[in-house]
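Presented below is the structure to which this report refers.
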Amino acid sequence: MVSARRNIRHRRRFRVTVGSTPVFTADIGAGGFSAELMRVQAPGTPITGCIRLNGEDVGYVGEIVWAKAGAPHIALRGRIGVRFIQLPTEAKRLLAAPALVGVS
């Protein structure tokens, strides 16, 4: 069962880490993000990482809430949805702003 999003997400690319793996977001908001990876982890998996905001790495704690496996043998990435459990208040405020520009 897929849970509904609690916050609006914006189609923005931000550099994030999922554990130690660097990736870019497909969309992001104050409640979480989705990203494409070659190897996905199962829903319910706790993760930590960083988001690059305004030139600084901001740490987060999250949980994978959904995952769709890819096909690495044909270079098709999988995709995950992450819900933030801990994120600094200022980062939440920035991510909720519709005018925020992503970083590539």
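The values are calculated or read from the model by the stated rules, or taken from the named source; none is laboratory data. Keep in mind the model is a prediction, meaning the values are calculated, not measured. So basically every Cβ, Gly included, is an ideal-geometry build from the backbone, and we count neighbours across all protein chains shown.
Points to keep in mind about this one:
- Summed over the range 36-76, residues that are in contact with a helix residue (DSSP H, G or I) (Cβ under 9 Å, 6 or more places away or on another chain), assigned to a strand (DSSP E or B) and either of a type in the set (A, V, I, L, M) or more than 27 Å from Glu90 (Cβ to Cβ) (or both) total 3.
- Scanning the range 36-51 for residues that are within 18 Å of Gln86 (Cβ to Cβ) and either within 12 Å of the chain's Cα centre (by Cα) or of a type in the set (A, V, I, L, M) (or both) yields Ile47, Thr48, Gly49, Cys50, Ile51.
- Qualifying residues in the range 82-104 (those that are modelled with pLDDT under 95 and closer than 19 Å to Pro22 by Cβ) - the one surrounded by the most Cβ atoms within 10 Å (Cβ to Cβ): Leu95
- Filtering the range 13-51 to residues that are among the basic types (Lys, Arg) and farther than 14 Å from Ala67 by Cβ leaves Arg13, Arg15.
- The range 38-51, residues that are in contact (Cβ under 8 Å) with a residue 40 or more places away in the chain and surrounded by 16 or more Cβ atoms within 10 Å (Cβ to Cβ): Val40, Ile51
- The range 77-93, residues that are closer than 15 Å to Ile28 by Cβ and either part of a strand (DSSP E or B) or β-branched (Val, Ile, Thr) (or both): Arg79, Ile80, Gly81, Val82, Arg83, Phe84
- Residues in the range 53-89 that are closer than 17 Å to Arg12 by Cβ and over 11 Å from the mean Cα position of the chain (by Cα): Leu53, Asn54, Gly55, Glu56, Asp57, Val58, Leu87.
- Lone unmet requirement of (1) over 16 Å from Gln86 (Cα atoms); (2) crowded, with 18+ Cβ neighbours inside 10 Å for Asn54: (2)
- Filter result for Thr25 (among the polar types (S, T, N, Q), modelled with pLDDT of 95 or more and surrounded by 14 or more Cβ atoms within 10 Å (Cβ to Cβ)): no
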